[in-house]
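Some notes on the structure that comes next.
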Amino acid sequence: MKKTLTHSLLWSAIVAAASITNVVKADQFVSGFEQYEQQLLQAGETSVQQGVTTYINEIKKLEKQYGYLGAELPLPPLTKVTDGVYVMVGSQIWHNPSNFGLNNNPGFAIFEDGVFVFNAGANPAIAYTLHQRIKRMTNKPVKWLAVENSQGHAYLGASYWVDVGVRNLYSNATANADFNDAFDYIKDEWSRAVSHELTGTARNVTDRFITFNESMKIDVGGGETVELINFGAGHTPGSAALYIPSRKLIFAGDLAFNERMLAFFPYTYTLGWMDSYRKFVKTIPADTKVIPGHGTPTDMKTAERQTLGYLEFLHKAVEKVVAAGGRQQQIEEIDQSAYKDRPVYEQTHRNNAVHVYKELTGGDF
Ligand SMILES: [Zn+2]
């Protein structure tokens with residue numbers, strides 16, 4: 001008897017949570033009119049209610065046709081990295097309303113046959129803003145889109161690009177599966193942290209993506225070929241870098257960080273990250289320009305020092321504490337002050353050390 005009661009209580013809690021999530025997830029503008037529609041229906045105002053229903057459906061149709069209805073966002077200006085390659089360097093702190101969710105590096109390269117966009121943006125509004133800037137720079141259409149990994153700021157803007165007609169979308173197979181599985185959670189998290197209005201129209205379009213495991217070459221016209229490469233697990237289990245040999249440039253995604261502190265998530269595998277990074281250094285010529293996942297564009301040497309350098313430093317420091325019989329308390333106290341000026345240091349460094357400790361000693365995340 002008691003068990004049944006507990007079950008039904010649990011069930012009503014789940015139903016209540018689900019309906020709250022649905023309200024939160026809905027587009028605020030449209031959902032306001034949907035409430036109005038219900039009120040009219042209850043008041044027996046069927047003729048006005050029909051008008052409102054038509055209006056709601058029109059707005060939804062327009063939103064889908066244009067990918068996003070609203071103003072351009074006041075995002076940081078484009079940075080020119082090399083001929084025909086630009087990036088919108090995002091904020092180096094956590095995603096929040098002040099940066100509209102732009103805390104990674106969406107960018108693009110202009111080729112003979114069209115424009116290749118790297119990273120969809122954290123919401124359709126960022127995607128729209130980037131698109132307007134592309135249009136002011138070239139008459140060529142956006143023909144390709146690739147995303148760096150399974151994170152919200154890589155993927156949530158993808159439905160915008162689908163809605164405006166981009167048909168060649170690429171992602172690593174693991175990243176695509178991971179984003180598909182976690183779509184509801186990721187959209188909800190970014191909606192709450194950044195903005196329901198900006199994130200509300202994002203849809204899961206993972207079924208439109210062409211996926212690859214290790215690498216994939218794409219002909220971009222004019223005799224040029226670019227390559228999508230997954231150097232291996234690391235910051236996320238699956239990732240993609242976009243290598244453009246003709247421009248001596250790589251969009252490295254979250255394989256490479258510059259300036260900003262590295263952040264480890266439960267799915268991050270730092271041992272794998274070091275191997276993947278060494279493979280990256282071996283594969284890509286030393287004179288290649290690097291657009292990192294976070295931070296400003298740089299060169300191969302700097303990116304290596306900033307990323308692999310930190311990973312190696314932390315591993316060495318943690319191993320030393322473990323060898324001396326130290327526990328989590330001592331791990332958290334590891335002196336990382338050499339990195340204290342890097343953005344999000346305070347929010348990440350202790351967790352980073354504990355993360356490495358758990359990887360090395362088999363603890364749960
Ligand atoms: Zn990222």
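Counting only DSSP beta bridges with both residues in the stretch 107-248, what percent are antiparallel, rounded to the nearest 5? The answer is about 55 percent antiparallel. By the count of other C-beta atoms within 10 Å, a proxy for reagent exposure, Lys282, Lys80 are ordered fewest to most as Lys282, Lys80.
Using a cutoff of 8 angstrom between alpha carbon atoms and counting only pairs six or more residues apart, the relative contact order for the stretch 79-299 works out to 19 percent. Residues Tyr66, Tyr277, arranged from fewest to most other Cβ atoms within 10 angstrom of their Cβ, appear as Tyr66, Tyr277. About its Cα centre, the chain has a charge dipole of approximately 320 debye under the convention of +1 per Lys or Arg Cβ and -1 per Asp or Glu Cβ, with nothing else charged.
As an exercise, use a Förster radius of 25 Å and the Cβ-Cβ distance of Asp364 and Glu189 to find the FRET efficiency, rounded to the nearest 0.05.
0.70
Looking at the chain only, what percent of DSSP beta bridges run antiparallel? Nearest 5 please. Bridges in the chain that DSSP calls antiparallel: roughly 60 percent. Residues in the stretch 58-68 carry Karplus couplings, in order, of 4, 4, 4, 5, 5, 4, 6, 5, 9, x, 6 Hz; the curve used is 6.51 cos²θ - 1.76 cosθ + 1.60 with θ = phi - 60°, and Gly or Pro positions show x.
Computing FRET efficiency as 1/(1 + (r/R0)^6) for Ser215 and Glu259, where r is the C-beta to C-beta distance and R0 is 22 Å, gives about 0.20.
A simple spin-label model places pseudo-atoms 7 Å from Cα toward Cβ; at Ser47 and Lys64 they are separated by 3.0 nm. Sorting Thr79, Thr201, Thr298 by the number of Cβ atoms found within 10 Å of their own Cβ, with the fewest placed first, yields Thr79, Thr298, Thr201.
The protection proxy used here, the mean number of other Cβ atoms lying within 10 Å of each residue, ranks peptides 85-94, 311-320 as follows, highest first: 85-94, 311-320. Binning the alpha carbon pair distances of the stretch 314-361 at 10 angstrom intervals from zero yields the distribution 28, 56, 15, 0, expressed in whole percent. The residue among Gly293, Gln306, Phe231 whose Cα reaches farthest toward the positive pole of the charge dipole of the stretch 224-322, with charges on the beta-carbon of Lys, Arg, Asp and Glu, is Gln306.
In order along the stretch 182-189, the phi-based Karplus estimate (6.51 cos²θ - 1.76 cosθ + 1.60, θ = phi - 60°) of 3J(HN,Hα) comes to 9, 3, 4, 5, 5, 5, 5, 4 Hz; Gly and Pro are listed as x.
Annotation: amide H of Leu249 within the under-5 Å range of Ile244, Lys289, sequence separation 5 or more or interchain, hydrogens built in the peptide plane. The modelled label-to-label distance between Ala317 and Glu227, using points 7 Å beyond Cα along the C-beta direction, is 3.5 nm. At q = 0.06, 0.10, 0.13 Å⁻¹, what is the log10 ratio I(q)/I(0) for the chain, with the Debye formula run over Cα points and no solvent? Once normalised to I(0) and log-transformed, intensities are -0.26, -0.68, -1.04.
Which lysines have a Cα lying under 28 Å from the Cα of Lys248, excluding residues fewer than 8 positions away in the same chain? Cα-Cα hits under 28 Å: Lys80, Lys135, Lys140, Lys143, Lys217, Lys279, Lys282, Lys289, Lys301.
If you take the Cα centroid of the stretch 291-365 and the Cα centroid of the stretch 165-207, the two points sit 29 Å apart.
FYI, it's all coordinate maths here, none of it is from the lab. Quick caveat: nothing in here was measured; it's all calculated off a predicted structure. Reconstructed Cβ throughout: ideal geometry from the backbone, glycine too, with neighbour counts over all protein chains shown.
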